[in-house]
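We did not get these values from a lab; they are worked out from the coordinates using the rules stated. Every value quoted in this text rests on a predicted model; they were computed, and no experiment measured them. Every residue, glycine among them, receives a Cβ derived from its backbone with ideal geometry; neighbour counts consider all protein chains shown.
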């Protein structure tokens, strides 16, 4: 199973943190710091695999990819294949790219819920759900339609930003 | 309480508002967050679904990006309403907590194995993969189903999971292994996907090690990975070799040149994998050569890798009470050499081995004292805190076996040099005790030498003038005895011992 999906920027700020095990907030922070510590010392043309047992415990492997200002990280155990996980990062980023048109770090900051919808479309409960970006985008668009539909029912906007945009 | 909730609903901040607000508030972030949490606490109790869901969204954001602990705000089962359940994914987590549930849902899961929808099949096979890794025997009866998928499916995600399942099932049932090995080799030969190739290699190397042709095929594919430029494939090739190493060391030896070359790679992980492989190749006949190569690499490496190398050498050589060492003189001098490597931080382990070897192997004590002596006289080593434990061992060994020392006076000076003030007091204690031992040895040696010298002198004199000295001796002796008997040198001398004559 997949233990964790993380997106951290090159300054160490987390942009997405998903842990598929129950962990305390302190433990999560500690893991994030350790992972960032290892990643920022990696050169650019080396392998995408990093030893993870010292951070996440036995039977843990870590694969990461560096895109612009972000590190995309997946932590998994022996039930997953290393190259397949690397592929999955690619799928995630491609899907983001299609959803946001040349996705940047700011898109990830301001679209927290859509980001999570996309991730949940790919990985759910630590298991890989879908590996085709077209399918995932279809599912995410369905959800957005539903959300938009439920929002349009109210006559008065419920949010300050909705109020102001009127 | 209608009016407060109306106000809350009208002016509820959305998640976007929170994010924008936080980005503006650089310095007062924590007060802003506390305010937001107070609002969420109120909002989450409303009956209005829209308000509640926005509140939950904000809370989830704060929890994951700003590490706000959710437990204080947990209002119980209201959360379940908003969680999307994807049937198979949830079912697996359920099985983890309540294994009995697996039996209940088993039939449904097995039916899903027949599904033509690749996504459902992928999920179900994923669940079985996890379950089979924890309790393989219970899933052995499903082997025919998995076999059908192994030979029929074209979906690599599904095939990888099925391979992992067979890696767990095959060791339990040799007849199953026999049936399955051929389709696996088939995939290994034909597949274009590197992930499939690697998974096949791993499956064969883990659970089909008795099938020579399969192992040979896997070894060929591993070599292909090793020769690639892509560092990921190189790393996986080395990893594959280390899985093969325990039962098929020949595959590692075949690729010896690439493995040793990889010690120089830029990628630390590749270096570490090759180091493990090099240690796997060590035997009685080649330990000297390999250690020489490794120490040379250690000298050229950075701090971390240097100590990884030294640590590996130390742990491999001391396995099974130094099983692979035949020449202890060489090994002890190697230990001394390792101590002098600038990055060395393995003082404690070297200390343990020096003392251990000294106690077990009598013949090596002279060499041990020689090496210890060299380490003690070097004032530079006293300044390196990582080496203090090793110096303690050197001091102890030199004190304990000082009789083998060629130059005990120089040793004593080394033990008493002023720079020893840099050592912690526990180690200075050892230095002092050893200094006493050396001093005592020196004094005893001096006295013995004196005795021998006087013995030699008297030998010379007694041979030439034996009678004279005997008269002299006997002349003295009667003075001490009873004088009433009268003085008769000739007679009385015969009854007394002549200490200085032989």
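Note on segment B:375-413 and segment A:1-65: Cα centroid distance 45 Å, given to the nearest whole angstrom. In the frame of its principal axes, segment A:6-59 has Cα extents of 34, 26, 15 Å, reported largest first. Computed on the Cα trace of segment B:272-325, the radius of gyration divided by the Kirkwood hydrodynamic radius gives Rg/Rh = 0.95.
Based on the alpha-carbon gyration tensor of segment B:119-179 and its eigenvalue square roots a ≥ b ≥ c, which shape applies: rounded if a/c is under 1.5, prolate if not and a/b is larger than b/c, or oblate? Oblate is the answer for segment B:119-179, as a/c is 1.5 or above yet b/c matches or exceeds a/b. For segment A:1-159, the Cα gyration tensor yields ellipsoid semi-axes of 29, 17, 16 Å (square root of five times each eigenvalue, largest first, whole Å).
Relative to the longest principal axis of the Cα atoms of chain A, helix A:25-39 runs at roughly 60 degrees. For peptide A:44-53, the mean count of partner chain Cβ atoms within 10 Å of a residue's Cβ comes to 5. Per-residue ellipticity at 222 nm computed for chain A from its helices equals -15000 deg cm²/dmol, with DSSP H segments shorter than 4 residues left out and the rest contributing -39,500 (n - 2.57).
Working from Cα positions, state the angle (0 to 90°, nearest 10) between the long axis of helix A:82-100 and the longest principal axis of chain A. Helix A:82-100 sits at roughly 20 degrees to that axis.
Here, segment B:185-244 is characterised by an Rg to Rh ratio of 0.93, where Rg is the alpha-carbon radius of gyration and Rh the Kirkwood radius. Just the Cα atoms of segment B:300-450, one point each, no solvent: what log10 I(q)/I(0) does Debye give at q = 0.09, 0.10, 0.11, 0.16 Å⁻¹? Those come out to -0.28, -0.34, -0.41, -0.84, one per q.
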